[in-house]
Every structure is written in C-alpha cells, then in structure tokens.
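J.: Here it is, the structure, as structure tokens.
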Amino acid sequence: MSSNETPAPGTWQLDAGSSTVSLGHKTFWGLVTVKGEFRTVSGGGELAADGTARGELSLAADSLDTGNKKRDEHLRSADFFDAAHHPELRFEARGIRPTGDALAVDGTLTVRGTTEPVSLTAHRTEATAQAVRVEAETVIDPRRFGVLKEKSGMIKGDTTVRLSLRFVREG
C-alpha cells in the first residue's frame, strides 16, 4: 500500500485512465494463452464509515483488444460476447468488506444477458483519503454466460481476469 491513510467515506468514481481490466484465456488445446484488455471501463461506488462498500464496474464489450484485429472482431461477434446485442459486461459489487489485509467482494457479473454470482478477494495497493487502488485476480468459467460455444477443443477452460482499479473520491 502506498499510504496508510484511511479512505474517506463517500462517493467514489473509477479513474478509467489509471485502471485496467485484462483477461487471459488458454486456446489451442491449452498451449497458448490469448491476452486482452478492455479499453473502455467505467464505474463507481459508495464507501461507508464502517469500511464496507458497494459499487459497479462496466466494460464495453466492443473494447476488448487482444492485439489481433480479426480475433477481436470474432470475440465481439455472436460466437462470443455478441457485442451488438449485449454491449456491456457489468459487475455489481453488492458487498465489499475488509477482512484483515484484504477485501472480500461479493457481487454479480452479467455477460450476454446472463447474471451469475461472483466472489473474489481484492487487495488495496494504494489508499489515501482521496484515492484508492484495488487489485484482484479471479477465474471465470465463460460457459456460465453463454460464451465459448466452440466445440473443436481449441477454445475451452476458464478465463483469468485481472483488475487494477483506481477510484477517486468525489467532492
């Protein structure tokens, strides 16, 4: 943690320019990991005086960038994220609570119109009265959301999602 300050209660907004949401997924029978980053992210939340919080994070489905234009177009298609019909991936953190040095985060993730519960552990790596950075890594089974319908065996398994989110206090 870059500071020992306690973040101030109130409304917080995601600093999109200083935040990243990336993913990694093994393809080609687990031999190659495709990595990508969502270029358009937004979000915010509320921090209570007791240290608990709630908030949301939105990712533009058509902003996933893997560094390969043809692959990115395929990922945006109905075969995967179906960005034309489901333009947003959304995580709603309904309960964030301190647990020692970590934060327990419980919420729901909505992808392709399917909402599923997700729990993860996050860590504060920056904390001042006016800015907080939280980092987390979690594993998601994309089949739970209707993503990964590919049957050839080239694309299967779980996706690792890495978050580095910086929030700034409003006001």
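Every read-out reported here was derived from the displayed coordinates using simple, explicitly stated rules and does not represent laboratory data. Everything numeric in this text was worked out from a predicted model, so none of it was measured. Because the Cβ atoms are built from the backbone with ideal geometry, glycine has one as well, and the counts that use them run over all protein chains shown.
J.: With springs only between Cα atoms under 10 Å apart, run a GNM on the chain and tell me which of K69, K26, K35 wobbles the most.
T.: Fluctuation is largest for K69.
J.: While we're looking at this one, here's another question. Assuming a ≥ b ≥ c are the square roots of the Cα gyration tensor eigenvalues, decide whether segment 62-126 counts as rounded (a/c under 1.5), prolate (otherwise, with a/b larger than b/c) or oblate.
T.: Note, shape of segment 62-126 comes out oblate.
J.: Could you work out the relative contact order of the chain? I mean the mean sequence separation of Cα pairs under 8 Å and 6+ apart, divided by the number of residues, in percent. Mind showing how you got there, number by number?
T.: Numbers: 427 pairs, mean separation 48.5, N = 171.
Reported as a whole number, the value is 28 percent.
J.: I need the phi-derived Karplus couplings for segment 62-73: 6.51 cos²θ - 1.76 cosθ + 1.60, θ = phi - 60°, integer Hz, Gly and Pro marked x.
T.: Those phi angles translate into 7, 9, 5, 10, 9, x, 9, 4, 5, 5, 4, 4 Hz.
J.: Let me ask you something else. D79 to D50: FRET efficiency via 1/(1 + (r/R0)^6), r the Cβ-Cβ distance, R0 35 Å, to the nearest 0.05?
T.: 0.20
J.: Along segment 116-133, what does the Karplus equation 6.51 cos²θ - 1.76 cosθ + 1.60 (θ = phi - 60°) give for ³J(HN,Hα), rounded to whole Hz, x for Gly and Pro?
T.: 9, x, 9, 10, 8, 10, 10, 10, 7, 10, 8, 8, 10, 5, 10, 8, 9, 10
J.: Follow-up question, since we're still on this one. Once label points are set 7 Å from the Cα along Cα→Cβ at both S18 and A104, what is their separation, rounded to one decimal in nm?
T.: 2.9 nm
J.: To continue, here is another question. Taking the simple approach of a point 7 Å from Cα along Cα-to-Cβ for both T33 and R143, what is their distance in nm?
T.: Once both label points are built, they end up 2.2 nm from each other.
J.: Can you give the Rg to Rh ratio for the chain, taking only C-alpha atoms and Rh from Kirkwood?
T.: Reported Rg/Rh, Kirkwood definition of Rh: 0.99.
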